[in-house]
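Inspection log for the structure reproduced underneath, given as structure tokens.
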Amino acid sequence: MIAVSRGEADRSLYDRIAAELSRKDVLPASRIARQHRLRQTLSLVDAPLGRILEVGCGAGFSAAYLRGQYLEYVGVDHSEKLVEFARQYHPQDNTVFCAADINLLKCEQPFDCAFMIGVLHHLEEPVKSLRHIKSLTRSGGWIVANEPQPGNPLVSLARGIRKRFDENYSTDQVEFSAGQLRKIFLDAGLSDIRIVPQGYLSTPLAEVALPLQRALTGVAELSCLLDRGLEAMIGNWGNRLSWNLIIAARA
Ligand SMILES: C[S@@+](CC[C@H](N)C(=O)[O-])C[C@H]1O[C@@H](n2cnc3c(N)ncnc32)[C@H](O)[C@@H]1O
């Protein structure tokens, strides 16, 4: 039997489900929820975005959602199929997509900000990868991740059920606690660490391509509006309720 590494298995999974993952940013309701998640993730960066790197960029829709806010966007994903979709959807001049393992990426010019959504727990050695991402980021620049978290048992149960029944759902659904995320970022040599809860109502719409998308558009708008309020009001108490955590730190 040929042994397949976790990284290789992950890459083939995302090649196989590339079309389905890309569709989530085309469907109207999930697109609204995914834009909200991105906006909230980068709201922790208190500086102009400048030159940005997205790790595990998927079909690259962050490049479209953030258009006008960055000087250059570089998206990296080890799934070649996803990068093909990204190049078709976003052919703009200041947007570059690389099909590569993030651990092997080399860049001459440093990034002002590197970010990733739902990617850190897929990396085989998160501390090592973060150290590498740090080496690609200018000193004092931002590194931000949005990650599923285990604080709400009902949310973890919902993820467990999905893992069991949805064959397109990655089995690498590790949920890092706030403490574990902090340690990973500290061990990678990052400083000025901030962690905030994200996503109370809108996350399922961002994650699953539900049917009746047109009818769900209003629901998506309302849930993002409520989430914006809840995310601002509940603050760190939300660690016990939210679907995700955002962790931001300086390189
Ligand atoms: C859960 S998906 C998230 C995709 C996208 N960020 C989104 O929010 O839809 C994880 C992504 O990380 C990518 N990925 C995982 N490990 C990687 C690595 N070592 N280098 C580059 N990309 C990686 C996968 O191919 C996949 O596209």
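Read-outs: derived from the displayed coordinates by stated rules, not from any lab. Note that the structure is a prediction, hence the values are computed from the model and not measured. No Cβ is skipped: glycine too gets one built from the backbone with ideal geometry, and neighbour counts run over all protein chains shown.
Observations, loosely collected:
- Computed packing ranks the peptides 12-20, 158-166, 73-81 as 73-81, 12-20, 158-166, most packed first, by mean other Cβ atoms within 10 Å.
- Residue among 168, 245, 107 farthest towards the positive dipole end of the chain, charges placed on Cβ: 245
- Electrostatic dipole magnitude of the chain [Cβ: Lys, Arg +1; Asp, Glu -1; Cα centre; debye, to 20]: 420
- Amide H partners (placed H, <5 Å) of residue 53, local residues excluded: 74, 113, 114, 115
- Cα gyration tensor shape for the stretch 166-224, rounded if a/c is under 1.5, else prolate or oblate: oblate
- Cα gyration tensor shape for the chain, rounded if a/c is under 1.5, else prolate or oblate: rounded
- Relative packing of peptides 22-32, 209-219 - highest average C-beta neighbours within 10 Å first: 22-32, 209-219
- Couplings 3J(HN,Hα) for the stretch 117-123, derived from phi with the Karplus relation 6.51 cos²θ - 1.76 cosθ + 1.60 (θ = phi - 60°), are 10, x, 10, 3, 6, 8, 7 Hz, where x marks Gly and Pro.
- For the chain, averaging the sequence separation of C-alpha pairs within contact (under 8 Å, six or more residues apart) and dividing by the residue count gives a relative contact order of 24 percent.
- Calculated FRET value between residue 232 and residue 5, using beta carbons and R₀ = 30 Å, to 0.05: 0.15
- For the stretch 185-193, Karplus couplings with θ = phi - 60° (6.51, -1.76, 1.60), whole Hz, Gly/Pro x: 5, 5, 4, 7, x, 8, 10, 6, 7
- Relative packing of peptides 145-152, 235-242 - highest average C-beta neighbours within 10 Å first: 145-152, 235-242
- Each label point was placed 7 Å from the Cα along the Cα-to-Cβ direction; for residue 138 and residue 222 their separation is 4.5 nm.
- Per-residue ³J(HN,Hα) for the stretch 79-93, Karplus 6.51 cos²θ - 1.76 cosθ + 1.60, θ = phi - 60°, Hz, x for Gly and Pro: 8, 5, 4, 5, 5, 4, 4, 4, 5, 5, 6, 10, x, 4, 4
- Cross-link partners of residue 183 among lysines (Cα-Cα below 20 Å; sequence separation of 8 or more within a chain): 128, 134
- Neighbourhood net charge (13 Å Cβ-Cβ; Lys/Arg +1, Asp/Glu -1) for residue 79: -4
- The stretch 9-126 shape via C-alpha gyration tensor axes, a/c threshold 1.5: rounded
- A cut-off under 14 angstrom between Cβ atoms defines the neighbours of residue 220, and their net charge, with Lys, Arg +1 and Asp, Glu -1, is +3.
- From its DSSP helices (H runs of at least four residues, each -39,500 (n - 2.57)), the chain gives a residue-normalised ellipticity at 222 nm of -13000 deg cm²/dmol.
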